[in-house]
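Each value in this text was obtained by applying a stated rule to the coordinates, not by laboratory testing. Source: prediction; values computed, not measured. Methodologically, a virtual Cβ is constructed for each residue, glycine included, from the backbone with ideal geometry; neighbour enumeration extends over all protein chains shown.
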Amino acid sequence: MNLYEWEAKKIFQEHGIPVPPSHRITKPEELRKVHLGYPLTLKVQVQSGGRGKAGGIQFAQDLKDGETKAKDLLKMVINGSKTESLLIEPRLKIAREIYLSVTLDRSRGCAIFIASAEGGIEIESSTNVVTMPIPYPYHDYVGRDLAKQIGLTGTLLNKFADLANKLYRLFESKDLELAEINPLIVTDGDEVLALDGKITICDDALGRHKCFAGWQETHMLDLSDREKRSKRAGLNLVELDGNIGILCNGAGLTMATMDLVKAFGGQPGNFLDAGGGSDTEKTLEALEIVHDNPKCDVILVNILGGITACDEVAQALVAFMKRHPERKLVVRLRGNNQDVAEKMLAESGLKLYPELEAAVKQAVEQSKVPAGAGR
Amino acid sequence: MILINKDTKVIVQGATGKMGSAHTKRMIAYGTKVVGGVTPGKGGTKIEGIPVFDTVKEAFQATGATTSVIFVPPFLALDAGSEALDAGAELIVLITEGIPPQDAAKLVAQVKAKGAKLIGPNCPGVITPGECLIGILPGSIFKSGPVGMVSRSGTLTYEIALALTESGLGQSTCVGVGGDPIKGMGYEEALSLFKDDAKTEVIVLIGEIGGTAEEEAAAYIKANVKKPVVAYIAGQTAPPGKRMGHAGAIISGGKGTAQSKIEAFEKAGIKVAKTPSEVAKFVAEASKQVARA
């Protein structure tokens, strides 16, 4: 889950990382209560990146200018991400910009520092970048090592090292996926501040951090209703444009099924991975979510039961067909407890497709006849 | 075959939980030598006819096992894995899904320091058909034969194993390394074992979008593996920027696309199948070539 800049900065501050003074507003007229002096920086708060390029950061010379700009900024949508609020800060005089982040490196299997003596950059396309694996357990010398590697000296070396150490400790203690300061600035008064910050918290770790309780609900601004329902039910849904609803268990199988639908000339309406070990209740909710997509003409269910038991899925299918007898379903169901499942579904009259490709072809064919034409 | 065989003795951490007990039963039914379970506080009891111990150390000492399969809840997995390592585990299969990646990284660091092997987390496990099954794979769809398989996806492994088995192509060992971004064994480690395994004639590598593990595997194969390899990549039609179920399956900043992986394999002379059934077709062709050579 990506946090808003204002949340990231609040967390930075709690962990001893200095940030500029700021004020958050949700209405243009609230700017009147901001006493930070002009010129001011107005920054849209979105969960997406690319904010600066999209014009989400503006400067205001006075209150009138600020209110006009705030009005437009609050309506902004950047890469599909809605503006939640504006963060107002004084426009600072910057002597130097630095980049610093901590994240996990999947190839190395450990946490890494990424740093650059040039900040405010797009780190993926920059060449002057140092990547340093972080030893576990952690020691403070690592921060100094990093400062040295990006060429810092004197007081700045020590100040930067201290911030790097604090950022890593924050990253570890809060189970973050990413903690980024871009840019870390040195002001003309030699102050070192996090001018912009990004924090991604790990959804899997939310349950052990009481400080993030309820945050999932407040970070769903950019999700559709069905995506929200999926998140709450622990299902992985990605909305797509076509008319074949896809429900599978396991990410790889769902992707492969989606690829096959396209290869056979069909259009996937969604990707829904019910995950491993889904029971009847969870599978039923998954079916309902796919069913509720108004674009969906047919639902293709492909389950290969390992940790998921086929009879649990069959039970969900029986309940779903009772609720929605008109819905076209193409079902392929194999694996653990397959025999029990087959018996249950034989009684309900649903035809099963043992072969994946045959099932996909059938679903594609069904998607080309109007909905409601029977199963 | 690699990693496990008919003589492999396994203990189950979390054997008395819902998932743990259900799959302990399945593994025993398959013929796996499950010699003990571990649940703190339940030492001295039995589950599915096997003894339960309070600690891994006791379980290993009493049974002579050095392999552990873990079914504990996500926040307990780092501790369970550390316990197994410190008790002398040589192979750990970590099934649990939803482990915070930083915990996985801490476990991986210990595994490397001890020179042990870790499969997972968030994986279906490993099977040497007809001999030993460790994890949650449905045993009935696999059969013994010359094809080695390594995969990041669980259910897709089953799909392709099924296609192979139904085409009369059995498997030496199938390893599901798991879909998490931070994990123990990766493609390279599995490939390094398959390349020297006498029973394995053809290798199937199942990948998916996200990260660069497939590209790295392609380079490794080109430099080190003489046996034929057939690859399959899931997520060819995945939209960028969306996490496709697995924590690791995301195309970000233009990296991790199926296209880039397919190109890397093709450049390394590796055949890439477009559908699961085509995997079986390519493997059959490769097998014939191996037989002729």
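A simple spin-label model places pseudo-atoms 7 Å from Cα toward Cβ; at residue A:128 and residue A:75 they are separated by 4.0 nm.
Local charge for residue A:58 was computed over the other residues whose Cβ lies under 14 Å away, with Lys and Arg +1 and Asp and Glu -1, and equals +3. Quick one: Cα centre-to-centre distance for the stretch A:173-248 and the stretch A:313-375, in angstrom? For the stretch A:173-248 versus the stretch A:313-375, the Cα centre distance is 36 Å.
Ordered by the count of other Cβ atoms within 10 Å of each Cβ, fewest first, A:4, B:158, A:141 give A:141, A:4, B:158. Among A:308, A:252, A:235, pick out the residue whose Cα is farthest towards the positive end of the charge dipole of the stretch A:225-367, where Lys and Arg carry +1 and Asp and Glu carry -1 on C-beta, about the Cα centre. Final value for the positive-end residue is A:235.
When a/c reaches 1.5 or more, the comparison of a/b and b/c decides; with that in mind, is the stretch A:225-367 rounded, prolate or oblate per its Cα gyration tensor? Present the calculation step by step, with values, prior to reporting the outcome.
Working: a/c = 1.33, a/b = 1.15, b/c = 1.15.
Rounded, since a/c falls under 1.5.
For the stretch A:1-81, which trypsin sites (Lys or Arg not before Pro) are both in a DSSP coil and crowded by at most 15 other Cβ atoms within 10 Å?
Numbers: sites: A:9, A:10, A:24, A:32, A:33, A:43, A:51, A:53, A:64, A:69, A:71, A:75; in loops: A:51, A:53, A:75.
Taking the stretch A:1-81 and a limit of 15 other Cβ atoms within 10 Å, the loop trypsin sites (Lys or Arg not before Pro) found are A:53, A:75.
Our compactness index for the stretch B:9-119, the C-alpha radius of gyration over the empirical 2.2 N^0.38 Å, is 0.97.
Working from Cα pairs under 8 Å separated by at least six residues, relative contact order for chain B is 14 percent. The angle separating the long axis of helix A:63-73 from the principal Cα axis of greatest extent in chain A is about 20 degrees.
For the stretch A:280-375, the set of GluC sites (Glu not before Pro) satisfying both a DSSP loop assignment and a count of at most 15 other C-beta atoms within 10 Å is given as A:326, A:355. May I have the pair-distance distribution P(r) for the stretch A:180-287, computed from all Cα-Cα distances with 5 Å bins from 0 and rounded to whole percent? Per 5 Å bin, starting at 0, the Cα pair percentages come out as 2, 10, 15, 15, 15, 12, 9, 7, 5, 4, 3, 2, 0.
The mean of 1/r over all pairs of different alpha-carbon atoms in the protein assembly as shown, once inverted, gives a Kirkwood hydrodynamic radius of 26.6 Å. In the stretch B:60-145, a dipole from Cβ-located charges (positive for Lys and Arg, negative for Asp and Glu) runs towards its positive end, and of B:127, B:99, B:75 it is B:127 whose Cα lies farthest in that direction.
Rounded to the nearest 20 debye, the dipole magnitude of the protein assembly as shown is 540 debye, with +1 charges on Lys and Arg beta carbons, -1 on Asp and Glu beta carbons, and the Cα centre as origin. With only Cα atoms counted, the stretch A:141-240 has Rg and Dmax values of 18.3, 54 Å.
Taking Cα centroids, how far is the stretch A:1-22 from the stretch B:213-247 in Å? First find each Cα centre; the distance between them is then 37 Å. Per residue, the convex hull spanned by the Cα atoms of the stretch A:21-90 amounts to 72 cubic angstrom.
Amide H contacts under 5 Å for residue A:177: A:200, A:201, A:202, restricted to partners 5 or more places along the chain or on a different chain, H placed in the peptide plane at 1.01 Å from N.
A DSSP coil position with no more than 12 other Cβ atoms inside 10 Å describes none of the trypsin sites (Lys or Arg not before Pro) in the stretch B:100-135.
Express the Stokes-Einstein translational diffusion coefficient of chain A in µm² s⁻¹, to the nearest whole number, given a Kirkwood radius over alpha-carbon pairs, 4 °C and a viscosity of 1.567 mPa s.
Values: Rh = 23.8 Å.
This corresponds to a translational diffusion coefficient of 55 µm²/s.
Summarised as an ellipsoid, the stretch B:164-237 has semi-axes of 20, 16, 12 Å, derived from the eigenvalues of the Cα gyration tensor scaled by 5 and square-rooted, with the largest first. Estimated from helices alone, the mean residue ellipticity of the protein assembly as shown at 222 nm is -10500 deg cm²/dmol (sum of -39500 (n - 2.57) over DSSP H runs with n ≥ 4, per residue). Over all pairs of different C-alpha atoms in the stretch B:135-293, the reciprocal of the mean inverse distance, the Kirkwood hydrodynamic radius, equals 15.5 Å. In chain B, Rg over Rh equals 0.97, where Rg is the alpha-carbon radius of gyration and Rh the Kirkwood radius from pairwise Cα distances.
Can you check what the net charge comes to around residue B:154, using other residues whose Cβ is under 15 Å from the Cβ of residue B:154 (Lys, Arg +1; Asp, Glu -1)? Please list the in-between numbers first.
Numbers: positive: A:334, B:26, B:152, B:183; negative: A:273, B:97, B:159, B:180, B:208.
Overall, the nearby charge balance is -1.
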